[in-house]
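K.L.:
Have a look at the structure that comes next, please.
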Amino acid sequence: MLVGNQKEKYSKQMAFINILLILLLTSCNGGSKENVKIDSKTTKESKEVSFIKKNDTIKPIDTLKLYEKRLVGEIILSKNKWYLVSGRSCEQCDENVSIYLFPEKPQFLTSKNTIKSTDRFDYPGKVFHYEDNSLIYESSTFFGKCLDEFDNVVIWVDRSLNDSNKWEESLYMIQIFNDKAIENRPKLEMTLLEQIDKHISNGGCFEIEGKDQISEP
């Protein structure tokens, strides 16, 4: 994505991906976690001509009623454009900054669209518990051409503490088309992380700069 110097962001994102690769290698070599495989059940669609744009300029986006609103990325397709915007839905509240997705031309949306403009998605970075300041969640978020099998995606690679106080890694993805945005939950595997790394190097995949936040009470 995004904001700031791309070289600095690349170093940050590579450090996070390397941590996940180590965790996955550990679990594959006798750890308690099972081997994971990517689930590609999402319906394949015809490829769309697209151009991924990094944009540091904040522009008014009047269709979203958000506070501390900030444009963090755009995915420009052949007939539509999708905005990635950060912000809060309330003013002077305990709500964390989140990411929102919405199209420039909502009239193009079909009934197959599963993502609404009011849906909140985790902002990348670290989340610390509001009571004891312990780390409970960490994620990186990428957008663009980040995977071999898909054209335009927004993808979260994260880890969080489960009820047994153990770390679990996961992946959440949204495919972006002219007329819809569809969620998918592929299983995390090393080859997927390697694909993200490759497409970052190729200049087609971008990372949203993370920030530290306190968990919501």
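K.L.:
Taking all protein chains in place and a 1.4 Å probe, what share, in percent, of the accessible surface of segment 76-136 do carbon and sulfur account for?
P.N.:
45
K.L.:
What is the sum of charges around E131, taking Lys and Arg as +1, Asp and Glu as -1, for the other residues whose C-beta is under 15 Å from the C-beta of E131?
P.N.:
That works out to -3.
K.L.:
Counting only protein chains, not ligands or nucleic acids, how are S134, S86 ordered by accessible area (probe 1.4 Å), most first?
P.N.:
Greatest to least solvent exposure: S134, S86.
K.L.:
Expected output is a single nm value to one decimal: the length gained when fully extending between R120 and E68, i.e. 0.36 nm times separation in residues minus the C-alpha distance. What is it?
P.N.:
Full extension from R120 to E68 adds 17.3 nm.
K.L.:
Could I ask something else about it? Express in Å², to the nearest 10, the accessible area of K69 obtained by rolling a 1.4 Å probe over the protein heavy atoms while all chains stay in place.
P.N.:
Spelled out: K69, probe radius 1.4 Å, area about 70 Å².
K.L.:
Carbon and sulfur: what percent of segment 155-203's accessible surface (1.4 Å probe)?
P.N.:
39
K.L.:
How much of F206 can a 1.4 Å solvent probe reach, expressed as accessible area in Å² and rounded to 10?
P.N.:
Its heavy atoms expose roughly 20 Å² to the probe.
K.L.:
While we're looking at this one, here's another question. For a test of the definition: using alpha carbon positions, the gyration tensor, and the 1.5 limit on a/c, classify segment 64-170 as rounded, prolate or oblate. Can you show the working numbers first?
P.N.:
Values: a/c = 2.44, a/b = 1.46, b/c = 1.68.
Oblate is the answer for segment 64-170, as a/c is 1.5 or above yet b/c matches or exceeds a/b.
K.L.:
Normalise the Cα radius of gyration of segment 60-113 by 2.2 N^0.38 Å (N = residues in it) and let me know the number.
P.N.:
After normalising by residue count via 2.2 N^0.38 Å, the value is 1.25.
K.L.:
With a 1.4 Å probe and every protein chain left in place, work out the accessible area per residue of segment 95-217 in Å², rounded to a whole number. Numbers along the way, then the final one.
P.N.:
Working: 5590 Å² over 123 residues.
The answer is 45 Å² per residue.
K.L.:
Given a Förster distance of 30 Å, report the FRET efficiency between K198 and S170 from their Cβ-Cβ distance, rounded to the nearest 0.05.
P.N.:
Details: r = 21 Å, r/R0 = 0.70.
For K198 and S170, the calculated efficiency is 0.90.
K.L.:
Moving on. Any idea what diffusion coefficient segment 115-160 gets from Stokes-Einstein, in µm²/s, Kirkwood Rh on alpha carbon pairs, 10 °C, 1.306 mPa s? Kindly include the intermediate steps, with their values, before the conclusion.
P.N.:
Values: Rh = 12.4 Å.
Result for D is 128 µm²/s.
K.L.:
Report the calculated FRET efficiency for K79 and K187 (r = Cβ-Cβ distance, R0 = 30 Å), to the nearest 0.05.
P.N.:
Efficiency, from the Cβ-Cβ distance: 0.40.
K.L.:
Please report the base-10 log of the normalised intensity I(q)/I(0) for segment 124-202, using a Debye sum with one equal scatterer per alpha carbon and no solvent, at each q in 0.15, 0.18, 0.22, 0.25 (1/Å).
P.N.:
-0.60, -0.79, -1.01, -1.18
K.L.:
Go ahead and collect, in residue order, the members of segment 191-217 whose backbone nitrogen is under 16 Å from a label point 7 Å along the Cα-Cβ direction of L161.
P.N.:
Zone members listed by number: 213-217.
The values are calculated or read from the model by the stated rules, or taken from the named source; none is laboratory data. The shown structure was predicted, so the numbers you read here are calculated from the model rather than taken from an experiment. In this analysis, Cβ positions are derived from the backbone assuming ideal geometry, glycine residues included, and neighbour counts consider all displayed protein chains. Note: areas computed on protein heavy atoms with side chains; ligands, DNA, RNA excluded. Shrake-Rupley method; radii C 1.70, N 1.55, O 1.52, S 1.80 Å.
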